[in-house]
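The values are calculated or read from the model by the stated rules, or taken from the named source; none is laboratory data. Just so we're clear, the structure is a prediction, and the values are computed from it rather than from any experiment. We work out accessible area using only protein heavy atoms, side chains counted, and drop any ligands, DNA or RNA first. Shrake-Rupley method; radii C 1.70, N 1.55, O 1.52, S 1.80 Å.
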Amino acid sequence: MNLWLPLAVIVFIEGLALHTWQYRREAGALWQSWLQASKGLWLLALLINSRSTSLQQVTTSHEAGTALSLMACYFWFRFVAQLSGDDRRMPRNVLRALDGVLCVGCVLSLTNNW
């Protein structure tokens, strides 16, 4: 299987994340940059998972992909919330609770072998 196309897509997405990082002071650009970076790394984990031969590599890349997919969902929510202005109306406790759910979910997906 030729790896050039998936790697080109990953490099393009990461380049888009770096380009968006320049505009991080604009509304939504910071969360969009983090979203693009997590999506690129998620695709890389999926590519590694598809090319792995040992069970340990498959398990590790699957755990990393699960954590990165959770992060992509969170960054997408924060991006939409910031663009719509709901992040200013949302109580800080709700945002901190979402941060905690993300952290616990990532830790569980990286440490739990189930």
**Message:** Can you tell me the orientation of helix 92-111 relative to the chain, as the angle in degrees between its alpha-carbon axis and the longest Cα principal axis, to the nearest 10?
**Reply:** 10 degrees
**Prompt:** So what is the calculated 222 nm ellipticity per residue for the chain, using -39500 (n - 2.57) for each DSSP H run with n of 4 or more, over all residues, to the nearest 500 deg cm²/dmol?
**Reply:** -28500 deg cm²/dmol
**Message:** Sequence gap at least 6, Cα distance under 8 Å: using those rules, report the relative contact order of the chain to the nearest whole percent.
**Reply:** 24 percent
**Asked** Does anyone have the angle between helix 29-51 and the longest principal axis of the chain? Alpha-carbon axes, 0 to 90°, nearest 10?
**Response** 20 degrees
**Message:** Which of Ser84, Ser38, Ser69 ends up with the largest GNM mean-square fluctuation for the chain, with Cα atoms connected below 10 Å?
**Reply:** Ser84
**Request:** Give me the Debye-computed log₁₀ of I(q)/I(0) at q = 0.13, 0.15 Å⁻¹ for the chain, equal point scatterers on Cα only, no solvent, two decimals.
**Result:** -0.58, -0.74
**Request:** Using Cα centres only, tell me the gap between the stretch 88-111 and the stretch 8-66 in whole Å.
**Result:** 20 Å
**Request:** Report in % the part of the accessible area of the chain that belongs to carbon and sulfur, leaving out ligands and nucleic acids; probe 1.4 Å.
**Result:** 68 percent
**Item:** Accessible surface, per residue, of the stretch 23-114 when the full set of protein chains is kept, probe 1.4 Å, Å²
**Value:** 66 Å²
**Asked** For helix 55-84, what angle does its Cα long axis make with the longest principal axis of the chain, in degrees from 0 to 90 and rounded to 10?
**Response** 20 degrees
